[in-house]
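Notes for the one structure printed next.
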Amino acid sequence: MLWVEKYRPSKFLEIVGQEETVQKVREFIGNFNKLPKAKKAILLAGPPGTGKTTIAYVAAKENDLELFELNASDLRNKNKLDEVLKPSMNQQSFFNKGKLILIDEVDGISAVDRGGLTELLRLIKTTNYPVILTANKIWDKKFNELRKVCEFVELKELNYKEIKDTLIQILKKEGLFINIDIISSIAAKAKGDLRAAINDLQTIAKVEEINHEELSERNKEESIFQILKTIFKDKPREELLNIFDFTSEPLERIFLWIEENIPEEYKEEELARAIEMLSKADIFRGRIYKQQYWRFLVYENIFLSYGISASKRQPKQGFTKYKNPMRVLKMWMANQKAEKKKKIAEKYAQYVHIGVKRALREFPIIKEIIKNNEKIQEELRLDEDEIAYLMEEK
Amino acid sequence: MAVSEIWTEKYRPSTFEEVVGQEEVVKRVKSLTDSLNIPHLLFAGPAGTGKSTMALIIVKTLYGDKWRENYLELNASDERGINIVREKVKNFARTKSIGEVSFKVIFLDEADALTPEAQQALRRTMENYSSTCRFILSCNYSSKIIDPIQSRCAIFRFKLLEKKDIEKYLMKIAEAENLTISPEAIDEIYEGSEGDCRRATNILQATASISQNITPELVRTIISNAKPKDIRVVLDYALAGDFREAKDKLLDIMLKESISGQDVIKAIQKEIWNLPVEPEIKVKLTEKTGEIEFRIVEGSDPFIQLEALLASFVLAGLGKE
């Protein structure tokens, strides 16, 4: 189902960004046939996707009216018009329901189609039911007459934020996650047209559903798991030499995965042999970096794949739950902390006339002093981040 | 300026009379300072014996309230290279001193962190600005300062503070801060301080931040928590065959203490001699350690190489190395 239909508002309150128009439409329907000079039709003009048709639908629903939709060609179809305009009395009493006539996109009535326009004007004069007309552009001369007989409301373009918020609401209801940058760019591209934005969102969501971030993460891991399984469990085979060619995972990541999981598969001598291979692979990696001699990559690859595979005595059975490598993340977090520690030590060192290195050496005790004394934190002008660091350090 | 809440500052002696210990040094420095003219000075002695404090007392005596304008404090181990030191000295020495004393004072802490070449450069700087500046250099060992600098300075040797001096100082703080402290607790602090008065004061304040009642147990807890984690526990796990635990502990220690792979190798190499293994195993492990140190230089990821070393320890523990 199209989301533009699925999420079309059914209450005035749900309509985004057109409060003024909504208010005028309510008054128009409320006053219809009650005030002597009240007009019989209201013309909603505005760019596409701003909610004109929706407002008509909601107006019918909220006022418990039956909606009759007419298009430009219907206007020359006498029978159809009569059917709409002259309802049988018993039908009215039977359902006890009034009618609301919607004529969508009146600017679609071509200039040649004089008859259509005349019929429209006649309809508005004779109708017993309120008529809502919608149009994109209404400033053509041919509509002069029409503008006179209608109450006229111009809808504003929806702004970027209104569109973006609506898209986010829809995604929430659909239980989908799409990168906020994508949502923003859809909203910006829509230029005020909410319908276009919702359609774009649905199209992209379809693609994203397959390409969903979490899913793709899982696929990646599956291919890593496959590599680990082949290396750790199977007999060493020559095909292992190309095993890293069939994954989009960078070799650095694979290296870490293997490192993390060697102890999960191998023990004692096998473990020592496998780690020796890892060590050799790393030596060649270091040589590649330092000498920019990429031919060494061959050796790194062989040690990492075949070398580690050949570290076991015989193929392994059973299922191993491979662990996600955490070392790099831990190192990154430790570096972040070390930065804060150093900043605190610098502030402290200068304040008490000692070197930063000495402050760092004495830090465990200094930390205890600063941590428990807000006045000192103020004295040293520690910022919130630095204080937070002290508080979470044990 | 408000009184600092940091006790090493709050209770730092600001007159010669308040200084504990170092009677000889105090007497001579005081008479020099009273003459309102001092030569370049070299303060040699262990950390926390009053070298920086003495420099501060000198400038406060010389300049009174204006001491900040006439005093530059540098730390040789923090400044990146002698050129930075020279640049800072140049900027500071460009303007004349404020007040009746005709020179400014530059305190260069940890001067023995400078290489002999850098010290030569420093010597020239001292000469260039000798008409407007006096240098006070501080170091742990005067032997690490080149002779030409030593010969241009009046040398003062600061002794390690005696227990009674530190005790006196701590008692003064305890009284002012309304702390209850037992003689045993003082003993513990003194032990932990290793004669470093700054460290003793910090231990006291860290303990007092937990309780006004300073007990020996509390002091011991503070001190032992502050000790750097030992690499030995990593080796013990490896020898017991628990590779994963050993490597996790190793990573923890490296990250927590921010130490490099090379530092770890050094520590392991020393620790091998304390391990409960046969002499021939010690030799084999040392050989492996040397090989790994070499690989760390060659490779790209020191931790992988250390893991390889731990794997050797696991084998040694199994009697298979």
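Taken together, the values in this text are just the output of simple stated rules run on the coordinates, not laboratory data. Since this is a predicted model, take the numbers as computed values, not measurements. With ideal geometry, Cβ positions are generated from the backbone for all residues, glycine too; neighbour counts draw on all protein chains shown.
Listing for the model above:
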| quantity | calculated |
| --- | --- |
| Spatially proximal lysines relative to B:Lys247 (Cα-Cα < 16 Å; intrachain offsets below 8 disregarded) | A:Lys267, A:Lys323, A:Lys330, B:Lys229, B:Lys256 |
| Radius of gyration and maximum dimension Dmax of segment B:228-317, Cα, Å | 11.8, 33 |
| Charge context of B:Gln119, other residues only, Cβ under 14 angstrom, K/R +1, D/E -1 | -1 |
| Fraction of beta bridges assigned by DSSP in chain A that are antiparallel (%, nearest 5) | 0 percent |
| Helix-only [θ]222 nm of chain A, DSSP H runs n ≥ 4, -39500 (n - 2.57) each, per residue, nearest 500 | -18000 deg cm²/dmol |
| Per-pair calculated FRET efficiency, R0 = 60 Å: A:Val328 and A:Asp64 via Cβ, rounded to 0.05 | 0.40 |
| Per-bin percent of Cα-Cα distances, chain A [10 Å] | 4, 15, 14, 12, 13, 11, 10, 12, 8, 2, 0 |
| Sequence-distant residues sharing a close amide H with A:Phe68 (under 5 Å, placed H) | A:Leu100, A:Ile101, A:Leu102 |
| Cβ-defined net charge surrounding B:Tyr63, 11 Å radius [Lys, Arg +1; Asp, Glu -1] | +1 |
| Principal axis box of the protein assembly as shown, alpha-carbon based, largest edge first, Å | 121, 81, 53 |
| Under the Karplus curve 6.51 cos²θ - 1.76 cosθ + 1.60, θ = phi - 60°, whole-Hz ³J(HN,Hα) for segment B:99-113, x wherever Gly or Pro sits | x, 7, 7, 8, 9, 9, 10, 10, 9, 10, 7, 6, 4, 6, 6 |
| Over segment B:258-307 - Rg/Rh using Cα atoms and the Kirkwood inverse-distance radius | 1.00 |
| Chain B - percent relative contact order, Cα under 8 Å, separation 6 or more | 16 percent |
| Per residue, the convex hull volume that the Cα atoms of segment A:296-339 enclose (Å³) | 117 Å³ |
| Cross-link pairs A:Lys357/B:Lys164; A:Lys371/B:Lys164; A:Lys34/A:Lys99 - those with Cα-Cα distance over 22 Å | A:Lys357/B:Lys164; A:Lys371/B:Lys164 |
| Cα gyration tensor of segment A:236-297 - equivalent ellipsoid semi-axes, whole Å, descending | 21, 16, 12 |
| For A:Phe152, distant residues with modelled amide H under 5 Å away | A:Leu43 |
| Amide H partners (placed H, <5 Å) of B:Phe107, local residues excluded | B:Leu72, B:Glu73, B:Leu74, B:Ile136 |
| Estimated dipole of the protein assembly as shown in Debye, rounded to 20 [Cβ of Lys and Arg +1, of Asp and Glu -1, Cα centre] | 2120 debye |
| Of A:Lys24/A:Lys78; A:Lys342/B:Lys266; B:Lys51/B:Lys227; A:Lys80/A:Lys125; B:Lys144/B:Lys288, pairs whose Cα-Cα distance is over 29 Å | A:Lys24/A:Lys78; B:Lys144/B:Lys288 |
| ³J(HN,Hα), Karplus 6.51/-1.76/1.60, whole Hz, each residue of segment B:164-180, x for Gly, Pro | 5, 5, 5, 4, 4, 5, 5, 5, 4, 5, 4, 5, 5, 9, 6, 9, 9 |
| Ratio Rg/Rh, restricted to segment B:22-157 and using Cα atoms, in which Rh is the Kirkwood radius | 0.93 |
| Added length on full extension, which subtracts the Cα-Cα distance from 0.36 nm per residue, A:Asn372 to A:Lys235 | 43.4 nm |
| Residue-count net charge about A:Cys150 - beta-carbon cut-off 11 Å; Lys, Arg +1, Asp, Glu -1 | +2 |
| GNM result for chain A, Cα springs below 10 Å: residue of A:Arg273, A:Arg361, A:Arg287 fluctuating most strongly | A:Arg361 |
